[in-house]
Amino acid sequence: MSEPLLLDGKTLSQKIREEIKGEIEKLVGAGNRRPGLAVVLVGDDPASEVYVKNKIKACQKVGIESFFYKLDKNILTEELLDVIADLNSREEVDGILVQLPLPPQIDQGEVVLAISPEKDVDGFHPQNMGRLVAQREDGFIPCTPLGIDLLLKHYGIELKGKDVVIVGAGFIVGRPLSLLMLWRNATVTVCHIHTKDLRKFTSQADILVSATGVPGLIKGDMVKEGVVVVDVGISKVDGRIVGDVVFEEVKEKASAITPVPGGVGPMTVTGLLLNTLKAYKKRIKAHSTSTMKP
Ligand code: GUN
């Protein structure tokens, strides 16, 4: 097969971020405050520190103000809930992102539940997950599924009636992505750690998404000719960033494939910026309506 189409998330992200920047400058120029995102990092996991730094830098570049909270790794759930309650009440904070995973003493479910659904730019709150199930446009779609959807749309990859196979059923990517792919009328299969025969499913996929963080999981002999491959994995192996997919093997059969890095990673951050812009626009609109003179 000829060289596959590279699904370039870096270039598409640049384009979308320019548009976001333009929209923000217009709204600020019209007299509105800047959008604001609170980013909460608990502990000092090096990978999380890199992700958080990238998110803050991306905010700066498009004109979103960021408020960074770095909290001690031994913090108690109650203390973190107090921080979130404060952020929920702040006018200048449109979005709240608590970087996951959290240290083991913290009740992650309680933390997600504490974030105001209107500021839940990660889309992890059950209210937003429910909106995703109900196919309502008024919620927040988690950032990675949102980014993948935009990437596939940009490259004109048809989803209607296609067999989409997702490897990984996590709450951050696989699970919400499966619902979003149903919105697009794909036939969706979700594989996970208990799947008996992974290859049986991956080899049937028209579109294969891997979101496991297991480097080298998807090999060339596990996919069919012409498959579209989306690699969500980000792992460090011998100092190099690699995905779940053995790129050199799978690219021989794929019609399109995301590189790692430069594929899904930047699109996730772009998804976050889009969700923050959405939260901001809703909030400044509600504010202007509530303060309007009769
Ligand atoms: N950890 C890995 N991915 C994500 C994400 O999209 N959001 C948050 N909050 N934490 C993450």
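Laboratory data are not the source of any read-out in this text; all were calculated from the coordinates shown. Since this is a predicted model, take the numbers as computed values, not measurements. Cβ coordinates were reconstructed from backbone atoms using ideal geometry, including for glycine residues, and neighbour counts include every protein chain displayed.
Of the residues Gly123, Gly95, Gly168, which single one is out of contact with any Leu (no Cβ under 8 Å at 6 or more places or on another chain), touching a residue at least 40 places away in the same chain (Cβ under 8 Å), within 14 Å of the ligand (Cβ to nearest atom) and of a type outside the set (A, V, I, L, M)?
Working: Gly123 fails: out of contact with any Leu (no Cβ under 8 Å at 6 or more places or on another chain); Gly95 fails: out of contact with any Leu (no Cβ under 8 Å at 6 or more places or on another chain).
Criteria check complete, one pass: Gly168.
Restricting attention to helices (runs of 4 or more DSSP H) lying wholly within the range 71-145, give those where 2 or more residues are over 21 Å from Leu177 (Cα atoms). Result: 77-89, 108-114. Considering the range 102-112, and only residues there that are surrounded by fewer than 20 Cβ atoms within 10 Å (Cβ to Cβ) and touching a residue at least 24 places away in the same chain (Cβ under 8 Å), the residue that is nearest to Val40 (Cα to Cα) turns out to be Pro103. Of the numbered conditions (1) surrounded by 13 or more Cβ atoms within 10 Å (Cβ to Cβ); (2) closer than 14 Å to Gly43 by Cβ, Leu76 fails exactly one; give the number of that condition. For Leu76, the failing item is (1).
Of the residues making up the range 193-209, those that are over 17 Å from Glu252 (Cβ atoms) and crowded, with 16+ Cβ neighbours inside 10 Å are Leu198, Phe201, Asp206, Ile207, Val209.
Contact map, the range 197-226: first residue in contact (Cβ under 8 Å) with a residue 60 or more places away in the chain, second residue surrounded by fewer than 19 Cβ atoms within 10 Å (Cβ to Cβ), Cβ cut-off under 6 Å, separation 6 or more or different chains; pairs are Glu225/Lys253; Gly226/Ser255. Where residues in the range 53-92 are among the β-branched types (Val, Ile, Thr) and free of Cβ contacts under 8 Å to residues at least 40 places away in the same chain, which of them is nearest to the ligand (Cβ to nearest atom)? Step by step, filter the range 53-92, then rank; the result is Ile56.
In the set Val50, Val39, only one residue is within 13 Å of the ligand (Cβ to nearest atom) and either farther than 22 Å from Thr144 by Cα or in a strand (DSSP E or B) (or both); that residue is Val39.
Condition check: acidic (Asp, Glu), more than 30 Å from Ile20 (Cβ to Cβ) and in a loop (DSSP other than H, G, I, E, B). Does Glu252 satisfy that?
Spelling it out, Glu252 is indeed acidic (Asp, Glu), more than 30 Å from Ile20 (Cβ to Cβ) and in a loop (DSSP other than H, G, I, E, B).
Within the range 126-143, being out of contact with any Gly (no Cβ under 6 Å at 6 or more places or on another chain) and within 14 Å of the ligand (Cβ to nearest atom) holds for one residue alone: Met129.
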